[in-house]
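Down below is the structure, laid out as C-alpha cells.
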Amino acid sequence: QVQLVESGGGLVQAGGSLRLSCAASRLTFSSYSMGWFRQAPGQEREFVAVATRSDSATYYTASVMGRFTISRDNAKNTVYLQMNSLKPEDTAVYYCAASSTYYTRSSKGYGYWGQGTQVTVSS
C-alpha cells in the first residue's frame with residue numbers, strides 16, 4: 001500500500017520560514033509527479049506546486065511564486081516544499097500527492113495523498 005507521510009508543519013510568525021517534507025513508500029517515486037496542495041478552513045483544496053516526473057520541472061500557483069520552492073530527491077523518495085516569507089493567508093493544512101500524469105494542477109489528477117500537515121502563520 002502506497003504511503004505518503006508529510007512532516008515539518010507548525011506555527012510560525014509572518015515573514016518566517018518552514019520546510020515541509022513528504023516521504024513516499026511503496027511507490028515508484030521517480031515515475032510520479034509530486035505535488036503540494038493546501039486547504040484552509042471552509043475553502044476548497046488548492047494547488048500549490050508540482051515537481052514533475054522525469055525532468056523535475058517545477059510549477060507554482062501565482063500566490064506563492066518567489067516565496068515557495070518545491071524540490072524532490074528521487075534517491076530518498078522525498079519531496080520538499082521550502083516556504084519563505086510566510087503570510088497569514090498561507091495558513092492551511094498542506095498535503096502532498098502523487099500523480100502519474102506529467103503535469104496537472106487538478107486534485108483529481110492525483111491518485112495518492114498524504115494525511116496532511118498543519119501550517120499556521122500568525123500575524
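The values are calculated or read from the model by the stated rules, or taken from the named source; none is laboratory data. Quantities reported herein were computed from a predicted structural model and do not represent experimental measurements. Backbone-built Cβ (ideal geometry, glycine too); neighbour counts: all protein chains shown. Note: areas computed on protein heavy atoms with side chains; ligands, DNA, RNA excluded. Shrake-Rupley method; radii C 1.70, N 1.55, O 1.52, S 1.80 Å.
Just a few scattered comments:
- Using the Cβ of ALA14 as centre and a radius below 11 Å, the other residues enclosed give a net charge of -1, where K and R count +1 and D and E count -1.
- Computed 3J(HN,Hα) for the stretch 88-97, one whole-Hz value per residue from the Karplus formula 6.51 cos²θ - 1.76 cosθ + 1.60 where θ = phi - 60°, is x, 6, 7, 4, 4, 8, 9, 10, 9, 8, glycine and proline marked x.
- Each residue of the stretch 44-57 was assigned a 3J(HN,Hα) from its phi angle through the Karplus expression (A = 6.51, B = -1.76, C = 1.60, θ = phi - 60°), giving 6, 5, 10, 5, 10, 6, 9, 10, 6, 6, 6, 10, 6, 5 Hz with x at Gly and Pro.
- Portion, in percent, of the accessible area of the chain that falls on carbon or sulfur, probe 1.4 Å: 46 percent
- Ranked by the mean number of other Cβ atoms within 10 Å per residue, highest first, peptides 96-102, 111-117, 14-20, 34-40 order as 34-40, 96-102, 111-117, 14-20.
- Net charge of Cβ neighbours under 15 Å - reference SER123; Lys, Arg +1; Asp, Glu -1: -1
- More than 19 Å apart - percent of Cα-Cα pairs taken over the chain: 40 percent
- Å² of accessible area per residue within the stretch 1-52, as computed with a 1.4 Å probe and no ligands counted: 48 Å²
- Computing FRET efficiency as 1/(1 + (r/R0)^6) for TYR102 and VAL2, where r is the C-beta to C-beta distance and R0 is 22 Å, gives about 0.70.
- Mean Cβ count within 10 Å, highest first, over the residues of peptides 79-88, 58-67: 79-88, 58-67
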